[in-house]
């Protein structure tokens, strides 16, 4: 069985390489657990910068959450699921995490990219968030990850249409820090990683944590959270969510009824 990820270390830079071409690097439990283990190993080794990428030949950076692992008739994005744990692991890693993106990025993988500190991509990359294709109840934390990085009108368009944002638009709106030619992507990314790794690591670690805490300091009244969770419960137990998962497995277009 192919390892779900590969890891490399060059000095103070660690690399995680998605390595499941058969699933288009779907974010399944095994891959996510290996990703989190790699981040913890890098933490223990004193790695200062992490690069997350797909294998060089991949045309899909990641196809997103492994649909086969989504539960039916319950909330698929609870706090304790591996995908949510992986998002937090990236945010809480003490050094910058750079997403190096060649190829398309779908669903939960787009949120994973937005959880990274810096995103560098080439002309092949595009980004889509697709719960509306599945009838899937997206969680509040995930929406906030998008809202903290992107204009509200773009977030709405991405969620309402599930259409991919192409590379130039992704750069314009701030999904990408840098858009570079495919032939320059690796050199550009690792030049930046080496530059960051040469700086004072405690300053960077503290600044990253300060920025994370401040960005997440958005008080929401308990009654509002209760209403949001009730709305999400309704979607998780809806016929549309069941239809979305069923249609995906049957490889057909879903027919949603709003029930």
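The values are calculated or read from the model by the stated rules, or taken from the named source; none is laboratory data. On a predicted model such as this, the values are computed, not experimentally measured, just so you know. Counting neighbours? That spans all protein chains shown, and the Cβs are built from the backbone with ideal geometry, glycine included.
Filtering the stretch 246-259 down to residues that are in a helix (DSSP H, G or I) and without any contact (Cβ under 8 Å) to a residue 12 or more places away in the chain, which residue is surrounded by the fewest Cβ atoms within 10 Å (Cβ to Cβ)?
Residue satisfying both the conditions and the ranking: 246.
Can we say residue 243 is more than 23 Å from the chain's Cα centre (by Cα) and surrounded by 17 or more Cβ atoms within 10 Å (Cβ to Cβ)?
Spelling it out, residue 243 is indeed more than 23 Å from the chain's Cα centre (by Cα) and surrounded by 17 or more Cβ atoms within 10 Å (Cβ to Cβ).
In the stretch 114-132, what residues are farther than 10 Å from residue 170 by Cβ, in contact (Cβ under 8 Å) with a residue 40 or more places away in the chain and touching a helix residue (DSSP H, G or I) at 6+ places or on another chain (Cβ under 8 Å)?
114, 116, 117, 118, 120, 122, 123, 124, listed by residue number.
Looking at the stretch 221-237, which of the residues that are more than 17 Å from residue 76 (Cβ to Cβ) and in a helix (DSSP H, G or I) is farthest from the chain's Cα centre (by Cα)?
Ranking the qualifying residues of the stretch 221-237, first place goes to 223.
Inspect the stretch 51-72 for any residue being touching a helix residue (DSSP H, G or I) at 6+ places or on another chain (Cβ under 7 Å), under 19 Å from residue 205 (Cβ atoms) and surrounded by 22 or more Cβ atoms within 10 Å (Cβ to Cβ) and give the result as yes or no.
So far as the stretch 51-72 goes, yes, one or more of its residues are touching a helix residue (DSSP H, G or I) at 6+ places or on another chain (Cβ under 7 Å), under 19 Å from residue 205 (Cβ atoms) and surrounded by 22 or more Cβ atoms within 10 Å (Cβ to Cβ).
Provide a single number: the residues in the stretch 168-196 that are more than 20 Å from the chain's Cα centre (by Cα), outside any helix (DSSP H, G or I) and surrounded by fewer than 17 Cβ atoms within 10 Å (Cβ to Cβ).
1
Taking the options 9, 24, 43, name whichever one is surrounded by fewer than 23 Cβ atoms within 10 Å (Cβ to Cβ) and within 22 Å of residue 121 (Cβ to Cβ).
24
Restricting to the stretch 91-112, and then to whatever is in contact with a helix residue (DSSP H, G or I) (Cβ under 6 Å, 6 or more places away or on another chain) and surrounded by fewer than 21 Cβ atoms within 10 Å (Cβ to Cβ), can you tell me which residue is farthest from residue 12 (Cα to Cα)?
Here the residue is 91.
Restricting attention to the stretch 41-76, and to residues there that are under 16 Å from the mean Cα position of the chain (by Cα) and over 22 Å from residue 164 (Cα atoms), which single residue is modelled with the lowest pLDDT?
Among them, the one singled out is 76.
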